[in-house]
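Visitor: Dumping the structure here so I can ask a few things about it.
Values quoted throughout were computed directly from the atomic coordinates according to the rules given, and no laboratory measurement underlies them. Everything numeric in this text was worked out from a predicted model, so none of it was measured. FYI the Cβ positions are ideal-geometry reconstructions off the backbone, even for glycines, and counts take in every protein chain you see.
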Amino acid sequence: MRSERFEKGDSVLKIILIYITLGIFCAISVYPVLNILSISLRPASTVFSTSLKIIPDNATFDNYINAFLKYDLSKWLLNSLIISSLSAFFGVILSVTAGYAFSRFEFLGKKVGLSMLLVTQMFPATMTLLPLYIMLIHYRLSNSFLGLVIVYISTTIPFNIWILKGYFDTIPKSLEESAYVDGANITISFYKITLPLAAPAIALSALFSFMGAWSEYIVARVIITASDKLTLPIGLTNMMGQFTTDWGIYSAAALITAVPVMIIFICLSKYLVGGLTLGSVKG
Amino acid sequence: MELKTLQNKKQNRTGHSRNMAQTRWTPFFFLLPSLIVLCFIVLYPLFYEFWISFRNVTLLNLKSGKYPYIGFQNYIQILTDPLFYKTLLRTLVWTAINVFFHITFGLFLAILLNRKLPGKSIIRVLLILPWAIPQYIGAITWRGMFNIEYGAINILLTKFFGPNAAIPWLSDPKWSFIAAIITNIWLGIPFMMMTCLGGLQSIPQEFYEAADTDGASGWQKFKNITLPLLKPVITPAAVLGTVWTFNMISVIYVITYGAETEEAQILVSLVYKKAFSYFRYGYSAALSVIIFLILMSFSSIFIKSQKLED
């Protein structure tokens, strides 16, 4: 029995030690999430308590309701939804043909182009944020959704091109070539044959662009200052005052924001790792 | 014509066959949409940044669009200020400590998870949580846990080591820096763990079986099989990790939010603060350019050393 479920030759002691070690790491990794869960369930009178219980005494959902009543959480949710959807849409539309070109065609500067795309991933956020910010002010695009989307897609496009190129590489060329023999031109074969086959990769890069924009704070804080245009991250972080923070409501709102993204992320994580390492090993 | 011969040369060298339906301009049309957009929102801003770094841009003249040329003054101001060197040193310490712990813990956990172990898929999901949670929420949560009176960490410390063990995490810049490092290590382990796990799973089991028949010890197997075969996976991940950690603003920003000194900042968070809290845009642009040069030299040294090894 044991030899099938565990490695051969492991003693019971070794197995127990492995479980204890993993248990400690799991506790450290999960505790902060449990911590906000616990605070979000506390009644307002005991938000500041020194108890370490996960489910507090007199647990209530008041904070979740108050997050919508006392703050503009629904407005922030809507704004974030619009901005993230736009970033995902443009981030993919603008990179899909380039990903195809990098995968299928030979042209001058292909290698340089690909490594330039990697170099853009090395820029610190401030590198393009500062000039873009000044440019946006010039064109009166600060405090607009369009301005924020522009900054977001400037980082997602290079990343998406890499991911999509990697996926196009795995689609056999023979399908397109037989279409050419049948008289299709390159545009038709791309739209009718390759693009539908690449649907999973396209969905994946759209989702990652969406989640990136959904969770972005550092850029949004600079571009958006008008109170009716705040996105979730700015709204949430504004709750964090310098001296006092409404921790109960903040925690509830943070969980409302984070849990959907976390679930999607955990389901998709294995694709992301595969794509990243595959891409960089090949490059 | 010249373009074509160059292409042919390249094909001969790399041995790729040309796409059947490709004409001279096809790649160009396919690249055009992203090329135009990237020129406007990446390339042009970069040149613009170099341009501003030689000018005096502050909140006062930001909207006017007239920025007086001041030569290298921004650069001189930065390079003669001890703050720059202190922050640079702190950034290097920050990057080294973070990347070291990301890789060691990540690899360690990946090796444990690569064994036959009932319940390991649940353990993997639990271990991946810090990566799944939006970064700023993770950071704010840790900030709450570092609270001097009600934070979970000080409560634990005082429970175990008595009432004097509480640490002023957020008010003392030295401790804030350590708090930021702890937070960022927590955030970064899952990425390395998953990357290493992917690499470990691609190592054929036969190697280990052969080593077993030769009577190799666990450590020998790790040193002679696992590490060398994992290197092509770990190296790019480590380079990416180094650059990401070097550029990590949000953790430092959230943990040191409201602090009056710059003694817990790293270079990028200093740029961010100088630009968007003190409105010194020209100065920040120059500092950005310096950071860019540091990162570029790091990555080109890395690429060169890679080529030498091949």
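Visitor: Ranked highest first by the average count of other Cβ atoms within 10 Å around their residues, in what order do A:179-191, B:95-107 fall?
Guide: On the way: A:179-191: 14.6, B:95-107: 19.0.
Per-residue Cβ counts within 10 Å, averaged per peptide and sorted highest first, yield B:95-107, A:179-191.
Visitor: Can you give the charge dipole size of the range B:89-284 about its Cα centre, rounded to the nearest 20 debye, using +1 on the beta carbon of Lys and Arg and -1 on the beta carbon of Asp and Glu? Display every interim value, and only then the final one.
Guide: Working: 14 positive and 9 negative charges, 31 e Å.
The calculation lands at about 160 debye.
Visitor: Taking each residue in A:99-105, count the Cβ atoms of any other chain within 10 Å of its Cβ, then average. What number comes out?
Guide: Per residue, the average neighbour count from other chains is 6.
Visitor: Hey, could you grab the Kirkwood Rh for the range A:67-282? Inverse mean 1/r over distinct alpha carbon pairs, Å, one decimal.
Guide: Numbers: mean 1/r = 0.0522 Å⁻¹.
Result for the range A:67-282 stands at 19.1 Å.
Visitor: Compute the Cα gyration tensor for the range B:49-109, then decide on rounded, prolate or oblate, letting a ≥ b ≥ c be the square roots of its eigenvalues: rounded whenever a/c is under 1.5, prolate when a/b is larger than b/c in the other cases, and oblate in all that remain. Mind dumping the intermediate values first?
Guide: On the way: a/c = 4.45, a/b = 2.53, b/c = 1.76.
Cα axes put the range B:49-109 in the prolate bin.
Visitor: Which residue, chosen from B:Asn154, B:Leu200, B:Ile128, occupies the Cα position most advanced towards the positive end of the dipole of the protein assembly as shown, where the dipole is computed from +1 (Lys, Arg) and -1 (Asp, Glu) charges on Cβ about the Cα centre?
Guide: Of the candidates, B:Leu200 comes out farthest on the positive side.
Visitor: Beyond a 30 Å Cα-Cα separation, which of these cross-linked pairs lie in this structure: A:Lys111/B:Lys120; A:Lys111/B:Lys231; B:Lys223/B:Lys304? If you can, show how the numbers build up before the last one.
Guide: Numbers: A:Lys111/B:Lys120 40 Å; A:Lys111/B:Lys231 23 Å; B:Lys223/B:Lys304 25 Å.
Those over the limit are A:Lys111/B:Lys120.
Visitor: Could you compute Rg(Cα) / (2.2 N^0.38 Å) for the range A:2-60, with N its residue count?
Guide: Numbers: Rg = 18.2 Å, N = 59, 2.2 N^0.38 = 10.4 Å.
Computed over Cα atoms of the range A:2-60, the ratio equals 1.76.
Visitor: Related question: If you average the alpha carbon positions of the range B:32-74 and of the range B:124-166, how far apart do those two centres end up, in angstrom?
Guide: Cα centroid of the range B:32-74 versus Cα centroid of the range B:124-166: 41 Å apart.
Visitor: Evaluate the Kirkwood expression for the hydrodynamic radius of the protein assembly as shown, namely the inverse of the mean inverse distance over all pairs of different C-alpha atoms, and round to one decimal in Å. Show your work: numbers first, answer last.
Guide: Values: mean 1/r = 0.0381 Å⁻¹.
With all distinct Cα pairs of the protein assembly as shown included, I get 26.2 Å.
Visitor: If you don't mind, another one. Looking at the square roots a ≥ b ≥ c of the eigenvalues of the Cα gyration tensor of the range B:89-284, which shape do they give, rounded for a/c under 1.5, prolate if a/b is larger than b/c, or oblate? The partial results should precede the final answer.
Guide: Working: a/c = 2.66, a/b = 1.73, b/c = 1.54.
Note, shape of the range B:89-284 comes out prolate.
Visitor: Scan around B:Arg280 for amide H atoms under 5 Å from its own, H built in the peptide plane at 1.01 Å from N, and keep only partners 5 or more places away or cross-chain.
Guide: Here the answer is B:Ala275, since their amide H atoms fall under 5 Å of that of B:Arg280.
Visitor: Would you mind classifying the range A:1-119 by shape? Square roots of the alpha carbon gyration tensor eigenvalues, ordered a ≥ b ≥ c; an a/c under 1.5 is rounded, otherwise it is prolate if a/b is larger than b/c and oblate if not.
Guide: On the way: a/c = 3.72, a/b = 1.21, b/c = 3.06.
Verdict is oblate for the range A:1-119.
Visitor: Oh, and also: Name the residue farthest towards the positive end of the dipole of the protein assembly as shown from the options A:Leu41, B:Asn247, B:Pro33, assuming +1 on Cβ of Lys and Arg, -1 on Cβ of Asp and Glu, about the Cα centre.
Guide: Farthest towards the positive pole: B:Pro33.
Visitor: Provide a whole-number value for the mean count of partner chain Cβ atoms within 10 Å of the Cβ atoms in peptide A:134-147. If you can, show how the numbers build up before the last one.
Guide: Numbers: counts 12, 5, 0, 3, 3, 0, 1, 0, 0, 0, 0, 0, 0, 0.
Counting Cβ atoms of other protein chains within 10 Å of each residue's Cβ and averaging gives 2.
Visitor: Continuing with this model, one more query. Taking each residue of B:178-186 in turn, how many C-beta atoms of other protein chains fall within 10 Å of its C-beta, and what is the average? Present the calculation step by step, with values, prior to reporting the outcome.
Guide: Values: counts 0, 0, 0, 0, 0, 1, 0, 1, 4.
Mean shielding count: 1.
Visitor: I would also like to ask the following. Among A:Ile171, A:Val151, A:Ser95, whose Cα lies farthest out toward the positive end of the dipole of the range A:84-241, if unit charges sit on the beta carbon of Lys, Arg (+1) and Asp, Glu (-1)?
Guide: With unit charges placed on the Cβ atoms, the residue in question is A:Val151.
Visitor: Among A:Leu37, A:Leu195, A:Leu255, A:Leu175, what is the fewest-to-most ranking by other Cβ atoms within 10 Å? If you can, show how the numbers build up before the last one.
Guide: Details: A:Leu37 18, A:Leu195 15, A:Leu255 22, A:Leu175 12.
Least crowded to most crowded, the residues run A:Leu175, A:Leu195, A:Leu37, A:Leu255.
Visitor: May I ask you to sort A:Ser95, A:Ser269, A:Ser209 by Cβ crowding, counting other Cβ atoms within 10 Å and putting the fewest first?
Guide: Details: A:Ser95 30, A:Ser269 18, A:Ser209 27.
Fewest-to-most ranking of A:Ser95, A:Ser269, A:Ser209: A:Ser269, A:Ser209, A:Ser95.
Visitor: With charges set only on the Cβ (+1 for Lys and Arg, -1 for Asp and Glu), what does the dipole of the range A:97-217 come to about its Cα centre, in debye to the nearest 20? All intermediate terms of the calculation are to be shown ahead of the outcome.
Guide: Details: 7 positive and 6 negative charges, 42 e Å.
Value, rounded to 20: 200 debye.
Visitor: With +1 on the Cβ of every Lys and Arg and -1 on the Cβ of every Asp and Glu, and nothing else charged, how large is the dipole of the range A:2-60 about its Cα centre, in debye rounded to the nearest 20?
Guide: 60 debye
Visitor: If you build a Gaussian network model of chain B, linking Cα atoms that sit under 10 Å apart, which residue out of B:Gly241, B:Gly282, B:Gly199 swings the most?
Guide: In the Gaussian network model the winner is B:Gly199.
Visitor: Which of the peptides B:182-191, B:115-124, B:156-165 is most tightly packed, and how do the rest follow, going by the mean number of other Cβ atoms within 10 Å of each residue? Show your work: numbers first, answer last.
Guide: Details: B:182-191: 23.0, B:115-124: 14.0, B:156-165: 11.1.
Descending packing order for the listed peptides: B:182-191, B:115-124, B:156-165.
Visitor: Using only the alpha-carbon atoms of the range B:80-191 as identical scatterers, what base-10 log of I(q)/I(0) does the Debye formula give at q = 0.11, 0.17, 0.19 Å⁻¹?
Guide: With one equal scatterer per Cα and no solvent, log10 I(q)/I(0) is -0.48, -0.98, -1.10.
Visitor: At 222 nm, what value in deg cm²/dmol follows for chain A if DSSP H runs of at least 4 each add -39500 (n - 2.57) and the sum is divided by all its residues, to the nearest 500?
Guide: Details: 13 runs with 203 residues, N = 283.
Result for chain A: -23500 deg cm²/dmol, rounded to the nearest 500.
Visitor: Pick from A:Phe48, A:Phe105, A:Phe61: which residue has the top mean-square fluctuation in a GNM of chain A where Cα pairs under 10 Å get a spring?
Guide: Of the options given, A:Phe105 has the highest mean-square fluctuation.
Visitor: A further question on this structure: Of the listed peptides A:155-162, B:27-34, what is their order by residue-averaged count of other C-beta atoms within 10 Å, with the highest listed first? Don't skip to the answer; put the middle values down first.
Guide: Details: A:155-162: 25.1, B:27-34: 19.0.
Taking the mean over residues of other Cβ atoms within 10 Å, the ranking is A:155-162, B:27-34.
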